[in-house]
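Encoded as structure tokens, the structure appears first; notes follow it.
The values are calculated or read from the model by the stated rules, or taken from the named source; none is laboratory data. Please read these numbers as outputs of a predicted model, since none were measured by experiment. Glycine also receives a Cβ, built like all others from the backbone with ideal geometry; neighbour counts cover every protein chain displayed. Areas reflect the complete protein model, heavy atoms only, side chains present, ligands, DNA and RNA absent. Shrake-Rupley method; radii C 1.70, N 1.55, O 1.52, S 1.80 Å.
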Amino acid sequence: VKELELRTIKSHINPHFIFNALNGIRALIDENPGRARNAITELSNILRSSMQTEQLEFVPFEKELSTVKDYLALEHLRFDERLRVEYQIGPDTLDRPIPPMMLQTLVENAIKHGISKEVNGGAIRIFSLMQEGYHQVTVQNSGRLNGKDNGDGFGLSSTRNRLYLLFGGKSNFDIRQINGNMVEARISIPV
């Protein structure tokens with residue numbers, strides 16, 4: 001049952017992202033063919049990574065981060081200067097195991113519920129640090145937390161469920177409003 005639940009949760013890829021990416025690539029074909037080719041490669045990398053990790057419970061954080069960087073490069077097609085991305089990645093976290101597509105889910109959620117709702121866009125900050133016996137992965141995004149974004153949606157509830165199924169009560173996930181117009185989602189995975 002645990003394995004079936006994990007497979008069901010992991011198999012969820014947002015089809016709207018794929019359609020948006022394809023439409024963005026289509027728009028680039030005439031105006032910037034080189035960028036269109038790169039975008040096709042980035043989309044291919046995301047889909048390949050998703051299929052390769054379907055059977056895995058964990059992947060190295062570096063692999064997950066690479067997939068997220070491809071995803072964010074594609075989202076730049078849609079948002080252009082409205083999307084700013086910052087990273088603070090501890091080198092000692094790159095080989096740490098993380099459930100596949102978990103960071104991707106948090107970043108996709110940050111785009112959907114944060115950046116896309118901001119007229120002037122905003123920032124996404126991704127942190128990965130070792131702290132007090134935990135690998136802490138944090139995604140911050142411009143925007144406001146509202147009732148339906150605090151854990152009731154598929155992405156956030158699947159994150160909670162996966163962590164519980166994999167680690168029991170030893171892991172933690174929370175999402176909260178910080179600094180007025182910034183939302184923070186944080187995963188703590190025991191080392």
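Miscellaneous remarks
Quick grid of which residues meet (1) open to solvent by 60 Å² or more (accessible area, probe 1.4 Å); (2) hydroxyl-bearing (Ser, Thr, Tyr):
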position	(1), (2)
GLY114	no, no
MET130	yes, no
SER158	no, yes
LEU163	no, no
GLY169	yes, no
ARG176	yes, no
ASN181	yes, no
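- Residues (open to solvent by less than 30 Å² (accessible area, probe 1.4 Å) and out of contact with any Lys or Arg (no Cβ under 8 Å at 6 or more places or on another chain)) located in region 43-69: LEU43, ILE46, SER50, VAL59, GLU64, LEU65, THR67, VAL68
- Restricting attention to region 91-112, the residues that are open to solvent by 10 Å² or more (accessible area, probe 1.4 Å) and more than 17 Å from ILE178 (Cα to Cα) total 10.
- Test: residue in region 19-28 that is at pLDDT 80 or above, open to solvent by 30 Å² or more (accessible area, probe 1.4 Å), over 28 Å from GLY122 (Cβ atoms) and out of contact with any Asp or Glu (no Cβ under 8 Å at 6 or more places or on another chain): no
- Test: GLN136 is within 19 Å of LYS69 (Cα to Cα) and either modelled with pLDDT of 90 or more or of a type in the set (Phe, Trp, Tyr) (or both): yes
- Verdict on GLU64 being modelled with pLDDT of 90 or more and either within 22 Å of ILE189 (Cα to Cα) or part of a helix (DSSP H, G or I) (or both): yes
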